[in-house]
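The values are calculated or read from the model by the stated rules, or taken from the named source; none is laboratory data. Keep in mind that this is a model prediction, so the values were computed, not measured. Because the Cβ atoms are built from the backbone with ideal geometry, glycine has one as well, and the counts that use them run over all protein chains shown.
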Amino acid sequence: MIAGPVVCHYRQGLGATTGPERGEEPGMPTYSYRCEACHKSFALQMNMADHDKARVKCPKCGSRRARQQFGAFSVKTSKKS
């Protein structure tokens, strides 16, 4: 399992969601996964060190056959461009 606090919330039809509004630490990267066993998509928020050593476990079925999904992202900075 993943070391450190990781929070994952499910919403019907949307898979898992995470975010600062749910009480997670702001600024931590969110990683998207898809379970090859049950075909559910979910997201986990964790720091980079935990991500590098993590063996991700699907929160729905418990399988460790989760593959990271890559997609678009946005970055919020303090400078106006």
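So, in segment 46-67, of the ones that are part of a loop (DSSP other than H, G, I, E, B) and of a type in the set (A, V, I, L, M, F, W, C), which residue ends up surrounded by the most Cβ atoms within 10 Å (Cβ to Cβ)?
Step by step, filter segment 46-67, then rank; the result is Met46.
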**OP:** Please find, within segment 38-55, the residue that is modelled with the highest pLDDT out of those that are closer than 12 Å to Arg67 by Cα and of a type in the set (Lys, Arg).
**Re:** Lys40
